[in-house]
Amino acid sequence: MAWFWIATTIPVVLLALGGLLGGLWAVAALVYMSGLIHVMDRLVQGAAAKTGDDGEFPSGMRLSLVLGLAHFPLMVIAVLALAGVTGISLGAKICCFLAFGLFFGQVSNANAHELIHKPARFARRLGMWVYISLLFGHHTSAHPKVHHIWVATEKDPNSPKAGEHFYHFWPRAWIGSFKAGWQAETAMRKRAGNRRSLLHPYVIYVGGALLCLAVAARLAGLSGVVAYVALASYGSMQLLLSDYVQHYGLHRQMRENGKPEPVGPEHSWNAPQLYTSALMLNAPRHSDHHMVPTRDYPALQLDKTTMPILPRSLPLMAILALWPRQWRRVMDPRVEKLRVAKLRASQQ
């Protein structure tokens, strides 16, 4: 667990100091989130999570709760800093916007994802409110009730098709997941009848988002609202980039009964880099998560012989996805190679 604590808590401190004091602290926060983590990927080798003496992986719940609770004061500091309340310079504001946005997109999103998969109610509620604060609350419903069921099929709005560029994917995924999550929750409520709460989860998602905007306005007026929306959009866009990169071009076969084949190691792209994996709570070990969604992040496995591997770390591949022509040049041959290998295996 040490690498997870080191990778994720250092930026919490740097961001807080950068937002409040500006100067070199803001620069340090940006350097850490945009450059140092990739240097650390090269310097540090091995597995991001190692078994203890008893052969068991440690629980990651404590760190998840710390990061989940820290997210909200960091969001307040970020809004105050960008709105000019803390008095930092323009250069520091630019550094803070980029650094805070990267943190919310890569750490807060990854942690909220972990929390909504937990059995404990408080953890799930905390993850939900992190997503709500990023104006992406519907992901709390759409992710487990749609994405995990239909991943790598036509019925999952968050699974990109081969050849589909990101700028076509993201509005389709955002709108599609909002609708699909709503439909899944509504269907569940109808099946449950009177056993379900009268309050639809989407009322909480939308109402919570409005509440967050009201708080931003109360803290820093219109400038606070603009800063808040910009940060939340930046953070949620990185979640969509992660979905795009981790499922690009992969496909599950539909059976005669109308259901897809079971999710396997070949249905997600993975990345083995230690430090960025630790920063993102092993989110790049995506195949194992889809095969066992309840598995705690320190215990996620990576098998390079059966799981598709990205040529670079997940954050770097997300940057590449913003350049569609180069993205397809790098990824389409890999997708085709996997398709041919799967076809040959099915014919044997």
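Hey, what's the per residue convex hull volume over the C-alpha atoms of the chain, in cubic angstrom? Mind dumping the intermediate values first?
Values: hull volume 50.9 nm³, N = 348.
Here the figure is 146 Å³ per residue.
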Amide N proximity, segment 77-96 versus L36 label position 7 Å along Cα-to-Cβ, cut-off under 16 Å: 95-96
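Can you give the helix-only mean residue ellipticity at 222 nm for the chain, where every DSSP H stretch with n ≥ 4 adds -39500 (n - 2.57) and the sum goes over all residues, rounded to the nearest 500 deg cm²/dmol? All intermediate terms of the calculation are to be shown ahead of the outcome.
Details: 14 runs with 215 residues, N = 348.
Mean residue ellipticity, 222 nm, calculated: -20500 deg cm²/dmol.
Write down the accessible area per residue of the chain in Å², having rolled a 1.4 Å probe over the full set of protein chains. Each step should come with its number before you reach the end.
Values: 16190 Å² over 348 residues.
It amounts to 47 Å² per residue over the chain.
Given R₀ = 25 Å, FRET efficiency for A341-H168 by Cβ-Cβ distance, to 0.05? Walk me through the intermediate numbers first.
Values: r = 27 Å, r/R0 = 1.08.
Once rounded, the FRET efficiency stands at 0.40.
Rank these residues by their accessible area, most exposed first, probe 1.4 Å: L198, L213, L239, L343. Don't skip to the answer; put the middle values down first.
On the way: L198 165, L213 45, L239 15, L343 80 Å².
Descending order: L198, L343, L213, L239.
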Area of D332 that stays accessible when all protein chains are in place (1.4 Å probe, Å², to 10): 40
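Taking a 29 Å limit on the Cα-Cα distance, which of the listed pairs K118/K342; K145/K337; K93/K161; K118/K337; K118/K155 fall beyond it? Could the numbers behind the result be given before it?
Values: K118/K342 33 Å; K145/K337 31 Å; K93/K161 37 Å; K118/K337 36 Å; K118/K155 25 Å.
Long pairs (Cα-Cα over 29 Å): K118/K342; K145/K337; K93/K161; K118/K337.
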Carbon/sulfur fraction of accessible area - segment 125-196, other protein chains in place, 1.4 Å, %: 59
Convex hull of Cα atoms in segment 220-270, direction-averaged projection (nm²): 5.5
Solvent-accessible area of L199 with every protein chain in place, 1.4 Å probe, in Å² to the nearest 10: 90
Where labels lie 7 Å past Cα in the beta-carbon direction, separation of T294 and K161 in nm: 3.6
Most to least accessible of C96, C212 (protein chains only, probe 1.4 Å): C212, C96
Solvent exposure ordering (accessible area, 1.4 Å, most first) of K161, K304, K118: K304, K161, K118
Two-decimal log10 I(q)/I(0) for segment 87-213, as the Debye equation yields it once each C-alpha is a single scatterer, q = 0.18, 0.22, 0.23 Å⁻¹: -1.08, -1.39, -1.44
GNM result for the chain, Cα springs below 10 Å: residue of G19, G163, G235 fluctuating most strongly: G163
Heavy atoms of H286: accessible area, 1.4 Å probe, square angstrom to 10: 10
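The values are calculated or read from the model by the stated rules, or taken from the named source; none is laboratory data. The structure presented is a predicted model; accordingly, all values stated were derived computationally and were not measured. For neighbour counting, all protein chains shown are included, and Cβ atoms are generated from backbone atoms with ideal geometry for every residue, glycine included. Accessible surface areas use protein heavy atoms only, side chains included; no ligands, DNA or RNA. Shrake-Rupley method; radii C 1.70, N 1.55, O 1.52, S 1.80 Å.
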